[in-house]
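Notes to accompany the following structure.
Just so it is clear, none of the values below were taken in a lab; they were calculated from the coordinates. Only a predicted model underlies this, so the values are computations on that prediction, with no experimental measurement involved. When we count neighbours, we look across all protein chains shown, and the Cβ atoms used for this are built from the backbone with ideal geometry, even at glycine.
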Amino acid sequence: MATQKRLLVKDFNPFIMCYICKGYLIKPTTVTECLHTFCKSCIVQHFEESNDCPKCGNQVHETNPLEMLRLDNTLEEIIFKLVPGLREAEQNRELEFWKRKRPQENGDGIPKEKKRKDDEEENDENRDYHRSDPQIAICLDCLRHNGQSGDNIVKGLMKKFIRCSTRVTVGTIKKFLSVKLKLPSTYELDILCNGEIMGKDHTMEFIYMTRWRLRGENSYPMVLQYRPRIDFG
C-alpha cells in the first residue's frame, strides 16, 4: 500500500497568496471577469490607478472595475484553517489599526456634534448592513403553478429589481419577500435559480458563481424566482 504524501502549508502557497502583496490572502476578493483573486485592500487600491487585472492584464471594466469584484468567504475560511494563527494575527492588526485611528476613546477634545455623528455611524456599522460589500443586482420573479395552493397569497412585487450585498443569503431574501408581500409568519417560500431550489444559507455570490454566471455575460441581472413551498408529504 502506497504511503500518502503529507502536504505542508507551503505546498498550497501558490493558491492562497496574493499576487500583489505576496502575503496570504486577507478578505480574498475575486475578479469575476478572469477569476483571479487578491486581497480586498490590494485589488481596490490597484483599481484606483488601473482598470486592468494586475495578474493577466485584461481590462476588467471600462469605467468601474469595482463592480466586478466578489468576496470569497469560503476561501477565506479555508486559508484561516490552513495557516495557524493567521486569523488571530489579522484580528490583532485590525484592532491596532482602529486604536491608532481613534486614539481618544472617551472623545476628549472632539466636538460633541462630531462625536455624536461618529457614534451613530459606528452603531450603523455594528448593524452590519453590508453597505461596503460588493453589490449585485437581482430580479425577484413570482413563479406561478396554475392554481396551486398559495398562488392567491403570493403575488408579484411592484418593484422586482433590487440591489444588495453579495453576502446576503437566501434566508434574508425570504424575509424580505415576506415583509414586502405581507405574508403570515408561518408561510414558507421556495427560492429558485435556473429551476433549482436554493438552500437558505446560500449567498448571492455563491448562487451567481455556481448557478447563474454559466448562462453567459449578457445574463444580468441575476433572476431568482419565488413560489409557495411545495409540500411533497
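In this structure, the amide hydrogen of MET198, modeled 1.01 Å from its nitrogen in the peptide plane, lies closer than 5 angstrom to those of ILE191, LEU192, CYS193, counting only residues at least 5 positions away or on a different chain. On full extension, the segment bounded by ASN58 and PHE80 gains 5.0 nm, given 0.36 nm per residue less the C-alpha separation. Taken one residue at a time, the phi angles of the stretch 190-199 give Karplus couplings (6.51, -1.76, 1.60, θ = phi - 60°) of 9, 10, 10, 9, 6, x, 10, 5, 9, x Hz. Gly and Pro are set to x.
Under 18 Å from a point 7 Å along the Cα-to-Cβ line of THR210: which residues of the stretch 153-187 have their amide N that close? Hits in the stretch 153-187 for THR210 at 18 Å: 166-174.
Once the Cβ-Cβ distance between LYS182 and VAL223 is put in as r, and R0 is 25 Å, what FRET efficiency do you end up with, to the nearest 0.05?
On the way: r = 23 Å, r/R0 = 0.92.
Computed FRET efficiency for LYS182 and VAL223: 0.60.
Find how much the distance from THR172 to LEU66 grows on full extension, using 0.36 nm per residue of separation minus their present alpha carbon separation; answer in nm with one decimal.
On the way: separation 106, 0.36 × 106 = 38.16 nm, distance 2.41 nm.
Full extension of this stretch gives 35.7 nm more.
Potential lengthening of the chain between PHE97 and MET158 amounts to 17.5 nm, from the contour at 0.36 nm per residue minus the alpha-carbon distance.
Write out the GluC sites (Glu not before Pro) in the stretch 2-88 meeting two conditions: DSSP loop, and at most 12 other Cβ atoms within 10 Å of their Cβ.
Values: sites: GLU33, GLU48, GLU49, GLU62, GLU67, GLU76, GLU77, GLU88; in loops: GLU33, GLU48, GLU49, GLU62.
When the GluC sites (Glu not before Pro) of the stretch 2-88 are filtered for loop state and at most 12 Cβ neighbours within 10 Å, GLU48, GLU49, GLU62 remain.
Put simply, the stretch 10-106 fits an ellipsoid with semi-axes of 25, 19, 10 Å; these come from the alpha carbon gyration tensor as the roots of five times its eigenvalues, largest first.
Working note: Karplus 6.51/-1.76/1.60 with θ = phi - 60° gives the stretch 166-183 the couplings 5, 8, 4, 9, 4, x, 5, 4, 4, 5, 4, 5, 4, 5, 5, 8, 6, 7 Hz, where Gly and Pro are set to x.
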